[in-house]
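Peer 1: My structure is below; once you've seen it, I'll send some questions.
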Amino acid sequence: MDTTAFLRWLNDTMASKIASANKRIIRFQSRADYRRFIRKWSEMKQSLPPLNDVQQMPIIQAISCPLPMEAALPRFAERIWIEEDCRIDLHAVSQKPVASVSDKGIPWGVQQIKAPQAWSMTTGYRVKVGVIDTGIDFSHPDLRQSIARGINLLNRSMLPHDDNGHGTHIAGTIAAANQPHGMIGVAPRASIYPVKAFDHNGSAYVSDIILGIDWCVRNKMDIINMSFGMKTRSKSLLNAVLSAHHAGIVVVASSGNDSKRRTIDYPARYAQTISVSATTRFRRIAPFSNRGPFVDIYAPGDRIVSAWMGGRYHQMSGTSMATSHVSGAIALLLAYRPGLSPAEIKAVLRRSMQPLRGRIVPRNAGELDVMRMLQAVDRKR
């Protein structure tokens, strides 16, 4: 591949400022081509300003940059793949402020999955959970003991402070630890690593998510919580998920909130994730939740109270909330039995589910049950 010619073409195309230019992901078929590109790009971007808008994604040998879809690539077409860098959205359907957490600081979902009964055996101690989301409220009293530094992918010079609320809510369900005065999450001694990829509107690009997964792989997370999704399939996102899976990281993803019966959103639909749908406190599938054969497990996701910005609490509903219960449960499992692979963990979860209630329940569907999960892994030994 003529790397210099490709970079000049990229520079000229980006400099043309065509109105229809959207962000694209360009993946290199050859690792050698990608490495040559990065070396040459580092040299040339000083003299060619448009090239400063190129973002590198080493985990999938790719870059992201503004590029019109109609841009012709006759000389380079056989050496690269191009796909749209799509927008991706969080999976919450409603929210409202609440004064406090009831039931001695243990939200109903944490109770329902029987997490408190497991705390004498495991609390998720030192299990690292990367939460790719909107950031976290570092000053929230219920989260102070549970937060590691993380990263802000939107502004690398700043901590990943939450300016939306969703990320703080997810973190609270996974690992809040302030029972006497606030709330307690599923795995109160797990460590949350906030990875801010979403802006204050709860929106991100696929490339932001890939950078978040890359950071989680390089920093050796045990679990990645992904409470978001999109309708379209992305080969680039799949490749990033595959990299995390091969690194032994459990990727937990929400199914989506469109009430669909036969399909779910990506990345939850990829086989290398644990896909999660939502239930109500009556152990029925929540009306908003996607469901069906692609779902691995169901968990509480309706009217979930958790931490919010400013030291407050909000009630939220969505498959996002269900996913955080499953991530917390897997943290309990990994602290109890370190070294389990992602495939083994998925098998344990599916083997230990509690039957769902309701007239029409998908085949082989069940709700998360922490005590049955721990018993199932004990029987396996």
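Readers should treat all values here as calculations from the given coordinates under stated rules, not as data from a laboratory. Keep in mind that what you see is a predicted model, and the values were worked out from it rather than measured. Note: ideal-geometry Cβ built from the backbone for every residue, glycine included; neighbour counts use all protein chains shown.
Peer 1: Of the listed peptides 215-223, 161-169, what is their order by residue-averaged count of other C-beta atoms within 10 Å, with the highest listed first? Don't skip to the end; give the middle numbers.
Peer 2: Working: 215-223: 20.7, 161-169: 25.4.
Result, highest mean first: 161-169, 215-223.
Peer 1: Rank the residues Trp9, Trp308 as a footprinting-exposure proxy: fewest other Cβ atoms within 10 Å of their Cβ go first.
Peer 2: So the ranking, lowest neighbour count to highest, is Trp9, Trp308.
Peer 1: Any chance you could give the angle, 0 to 90 degrees and rounded to 10, that helix 370-380 forms with the longest Cα principal axis of the chain?
Peer 2: 80
Peer 1: Also, I was wondering about something else. Holding the Cα-Cα limit at 22 Å, pick out from Lys40/Lys235; Lys23/Lys231; Lys96/Lys231; Lys114/Lys260 the pairs that are longer than that.
Peer 2: Result: Lys40/Lys235; Lys96/Lys231; Lys114/Lys260 exceed 22 Å.
Peer 1: Only helical DSSP H runs with n ≥ 4 go in: add -39500 (n - 2.57) per run for the chain, normalise by residue count and round the 222 nm mean residue ellipticity to 500 deg cm²/dmol. Present the calculation step by step, with values, prior to reporting the outcome.
Peer 2: Details: 10 runs with 110 residues, N = 381.
About -8500 deg cm²/dmol.
Peer 1: For the chain, set up a Gaussian network in which alpha carbons nearer than 10 Å are linked by springs, and say which option among Ala247, Ala32, Ala271 fluctuates the most.
Peer 2: Ala32
Peer 1: What is the fewest-to-most order of Met44, Met183, Met57 by other Cβ atoms lying within 10 Å of their Cβ?
Peer 2: Numbers: Met44 16, Met183 28, Met57 22.
Lowest count first: Met44, Met57, Met183.
Peer 1: If you don't mind, there's one more thing I want to ask. Going by how many other beta carbons lie within 10 Å of each one, how would you line up Ser236, Ser191, fewest first?
Peer 2: Ser191, Ser236
Peer 1: Okay, moving on. Quick check: Cα centre of segment 109-135 to Cα centre of segment 252-331, how many Å?
Peer 2: Answer, in whole Å: 15.
Peer 1: Which angle between 0 and 90 degrees, to the nearest 10, do you get for helix 31-44 versus the longest principal axis of the chain when only C-alpha atoms count?
Peer 2: Helix 31-44 sits roughly 70 degrees off the main axis of the chain.
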